[in-house]
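First the structure, in the form of structure tokens, and then the observations on it.
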Amino acid sequence: MISLFSRRRDNAADASPSATPSSSPVTGPARPIRLVYCDENGRFCMDPEAVATLQLVKEPVGVVSVCGRARQGKSFILNQLLGRTSGFQVASTHRPCTKGLWLWSTPLKRTAFDGTEYNLLLLDSEGIDAYDQTGTYSTQIFSLAVLLSSMFIYNQMGGIDEAALDRLSLVTQMTKHIRVRSSGGSSSASELGQFSPIFVWLLRDFYLDLVEDNRKITPRDYLEIALRPVQGSGRDITAKNEIRDSIRALFPDRGCFTLVRPLNNENDLQRLDQISLEKLRPEFRSGLDALTKFVFDRARPKQVGAITMTGPLLIGITESYLDALNHGAVPTISSSWQSVEEAECRRAYDSAAEIYMSSFERTKPPDEVALREAHEKAVRISMGAFTASAVGVGVVRTKYEGMLQKFLKKVFESERRKIISVMYTECQRKSEIHLARVSLSNSLPFHN
């Protein structure tokens, strides 16, 4: 097998064809840029630079995020997906490098299974157990990463045991911090699972032999066995099974990958981003190859319901989630999407109305038939623009489409009345001239 690593480069411009950079408004070399952060007042914000970057990505976008405990190599994994040894910052001290959510400035051009071309965005998240953050904050960051992703990689050292499952209890907390709809109380994990990304549990420095009942099993089998309900009764057993049930329900599409320790030298592990890939253990490289292939094969455009996200739509729904958090509310998927629909359909309406006004050629001299033909032509152009720009398929889109049709009709009727008024005035003027001429003619002496 030819290793994927043989094609890796430190320069993003030389990355493999499977991860071709697309255009980006960020000047200079590709780099991580802050997407979401907390300001000095504790409010969540989107960084203007990331907003400007996403505004230009008009095509569908997919999002792969990596989350997990601090200082356990999340950034290293993202750099490998980029085909780089460095990019996202890799920690070598006790202090976490990443605060909030960070975005790679240059999306990767990808093609989905159905042939859809899209831009793959890579997100790095703050460690969910950073020593200077509260449990609520960690849950909020975790929830945001899940909500925004089409593939969510949970990075962890070691195997899946009770301690590991306890650390992932954020999944059960998510159901208290996110709702599918505004009415009906809290949402179940299975309801949220309809909007969940592909879940990948990545086990680092893994040393166990995967054997069950004297036969070898796959990492995916290992995950499913770990998520089986624990037999017994009592509060402790109930809590353990609640976590397992939540993971299974929230992430119906899930997988697992294992990576052995990349190096045996402890000092070299502290500067992993400076070590050439060829010096890493062959078993580690092959495991990383398998993970990379899975990510690029299975990643897909992000969808909310039947709508595929673009850069601007991702901005809108992120801002809506953050607004809810900043006002002490629970982010509601349906309400957040409705606010995005409202904003995008309003924008489409304004643009389509402007296009109609610039396309509608008023006739001179006035002619009602010609005016109607010009109106119908402008309507086709305007409605085409609205259809191309508006999002959603429900009541919000229908509302703005109806508003646009009323506006176009109103403008046409106004212009039609002007023509009728002008024609009436012109007829009246001609009639008056005719009568004046007749009167003048009658007043003149008759000559034989």
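Has segment 83-99 got any residue that is assigned by TED's automatic domain parsing to the domain that holds Ile315 and at pLDDT 85 or above? Before you say what the answer is, go through the steps one by one.
Going through segment 83-99, the residues assigned by TED's automatic domain parsing to the domain that holds Ile315 turn out to be 83-99.
From the residues that got through so far, the ones that are at pLDDT 85 or above too are none.
No.
Looking at segment 335-373, which of its residues are closer than 30 Å to Thr310 by Cα and at pLDDT below 75? Scanning segment 335-373 gives Ser335, Ser336, Trp337, Gln338, Ser339.
Leu122 passes every criterion in (1) modelled with pLDDT of 85 or more; (2) surrounded by fewer than 19 Cβ atoms within 10 Å (Cβ to Cβ); (3) under 30 Å from Leu263 (Cβ atoms) apart from (2). Would you call Met383 assigned by TED's automatic domain parsing to the domain that holds Ile355, more than 20 Å from Val369 (Cα to Cα), surrounded by 12 or more Cβ atoms within 10 Å (Cβ to Cβ) and free of Cβ contacts under 8 Å to residues at least 40 places away in the same chain? Yes: the conditions hold for Met383. Going by the structure shown, is Thr139 touching a His at 6+ places or on another chain (Cβ under 7 Å) and at pLDDT below 85? For Thr139, the condition - touching a His at 6+ places or on another chain (Cβ under 7 Å) and at pLDDT below 85 - is met. Per the listing Thr238, Thr292, the residue uniquely outside any strand (DSSP E or B), crowded, with 18+ Cβ neighbours inside 10 Å and not hydrophobic (A, V, I, L, M, F, W, C) is Thr292.
The values are calculated or read from the model by the stated rules, or taken from the named source; none is laboratory data. All values derive from a computational prediction rather than experimental measurement. So basically every Cβ, Gly included, is an ideal-geometry build from the backbone, and we count neighbours across all protein chains shown.
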